[in-house]
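The values are calculated or read from the model by the stated rules, or taken from the named source; none is laboratory data. Not measured: the values here are computed from a predicted model. We place every Cβ from the backbone using ideal geometry, glycine too, and count neighbours over all the protein chains shown.
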Amino acid sequence: MNIDAQLASDILVGVIALMSAVGGVALVGAIFSLGRSGYRKD
């Protein structure tokens, strides 16, 4: 199995971008849900 440096770096960048995108969405969701629950003091 021969992986050249260009493909390896492309895969690495893709994985990092995917992880950061998922983390960003999760972070926004957590902040949004915290803010919503903070505003509603039932």
Would you confirm, using the coordinates I've provided, whether Ser37 is modelled with pLDDT under 85 and either assigned to a helix (DSSP H, G or I) or loosely packed, with under 10 Cβ neighbours inside 10 Å (or both)? yes
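Condition test on Ile16, is it in a helix (DSSP H, G or I) and either under 10 Å from the mean Cα position of the chain (by Cα) or exposed (fewer than 10 other Cβ atoms within 10 Å of the Cβ) (or both)?
Taking the combined requirement at face value, the residue satisfies it.
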Kindly establish whether Ala8 is under 19 Å from the mean Cα position of the chain (by Cα), assigned to a helix (DSSP H, G or I) and of a type in the set (A, V, I, L, M). no
